[in-house]
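Note sheet for the following structure.
The values are calculated or read from the model by the stated rules, or taken from the named source; none is laboratory data. Here the structure is a predicted model, which means the values were calculated and not measured. Cβ placement follows ideal geometry from the backbone for every residue including glycine, while neighbour counts extend to all protein chains displayed.
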Amino acid sequence: MARQVRYASDMPIMGLGTYGRRGREGQAAIEAGLEIGYRHLDTAQDYLTEEENGAALRASGLQRDEVFVTTKVRTGNLGPGKVVPSVRESLDTIGIDKLDLVLIHWPSPNGEIPLPVYVEQLAEVSALGLSRHVGVSNFTIALIDEARDILGDVPIYTNQVEVHPYLQNRKLVAHCHSLGISVTAYQPLAHGSVAEDAVLTEIGRAHGAGADQVSLAFLMQMGLSTIPSSARKERMVRNFVAQEITLTDTEMARIATLDRGWRRIDPAWGPDWD
């Protein structure tokens, strides 16, 4: 039976990350997520899971407007005239007429392609009605501000960035929120590293929950959306029910002390982080 879904604006506050969910087993995992109650599927051109997401969506029997679908444009498609065709290809691969959210996955490596080249095309994606919302991923404060100037009246819906108790990214989060831009946290469990954390484990005991669930609850109470990923149904259920946990102010303050600036996803060609 599907569980209750919490929303941040019109996007569910918890989505299902689908990196690595390829082939029949990957599709089955995504189907299981939809059965559990997930109503946000997060994929990307680079994940090579767009086809599995579309197949799972069709197999679920859910109506298209019941599931929020996000994809991300790979860096190889940021050049002149490439963004819009790549989004059309993503639509064909997923098998839908319109996306809910299209993100620039990463700013151009080493700044090789000027930001206006691909951000202007992101505005075109919006103008053509290929996606209800557009946004960015792995953008710094400076890049967010420059992108907003380029987009003009087209709003940035979210900035999808790495956030977990060990990398709380508070300066960037505060800046985005001050501009009305939501933040979506990827790697919310620091690739499982939070599971053995003593502070999170102790807090979890008071809620009948695990350290991993406390980590997710912490992020959501920070006002972030999050997209944990798993291939195991029991783990997906465990992540999903973390939405039911309400932490106290004291518990939130304790978790805040865990921030150590530990970034897991940090390619050499990435932006100059805040």
Legend entry - Options GLY17, GLY23, GLY33: the member that is at pLDDT 95 or above and under 14 Å from the mean Cα position of the chain (by Cα): GLY17
Inset, instruction - Read through the list (1) surrounded by fewer than 18 Cβ atoms within 10 Å (Cβ to Cβ); (2) over 22 Å from SER225 (Cα atoms); (3) in contact with an Asp or Glu (Cβ under 8 Å, 6 or more places away or on another chain), then give the number of the only condition that ILE141 fails. - result: (2)
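Residue-by-condition table, conditions (1) surrounded by fewer than 20 Cβ atoms within 10 Å (Cβ to Cβ); (2) among the aromatic types (Phe, Trp, Tyr); (3) closer than 19 Å to ASP42 by Cα:
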residue	(1), (2), (3)
PRO165	no, no, no
ASN169	no, no, no
VAL183	no, no, yes
HIS191	yes, no, yes
ASP197	no, no, no
Legend entry - When residues of the stretch 33-67 are limited to those that are outside any helix (DSSP H, G or I) and charged (D, E, K, R), the one surrounded by the most Cβ atoms within 10 Å (Cβ to Cβ): ASP42
Inset, instruction - Just need a number here: residues in the stretch 203-236 that are more than 18 Å from the chain's Cα centre (by Cα), assigned to a helix (DSSP H, G or I) and among the aliphatic types (A, V, I, L, M). - result: 3
Inset, instruction - Filter the stretch 71-95 down to residues that are surrounded by 14 or more Cβ atoms within 10 Å (Cβ to Cβ), of a type in the set (D, E, K, R) and in contact with a Leu (Cβ under 9 Å, 6 or more places away or on another chain), then give me how many there are. - result: 1
Legend entry - TYR157 surrounded by 16 or more Cβ atoms within 10 Å (Cβ to Cβ), among the hydroxyl-bearing types (Ser, Thr, Tyr) and closer than 27 Å to ILE30 by Cβ: yes
Legend entry - Residues that are within 28 Å of PHE68 (Cβ to Cβ), polar (S, T, N, Q) and touching a helix residue (DSSP H, G or I) at 6+ places or on another chain (Cβ under 7 Å), drawn from the stretch 200-256: GLN213, SER215, GLN221, THR226, SER230, ASN239, GLN243
Inset, instruction - Of the conditions (1) of a type outside the set (S, T, N, Q); (2) in contact (Cβ under 8 Å) with a residue 60 or more places away in the chain; (3) outside any loop (DSSP other than H, G, I, E, B); (4) in contact with a helix residue (DSSP H, G or I) (Cβ under 7 Å, 6 or more places away or on another chain), VAL87 clears all except one; give me its number. - result: (2)
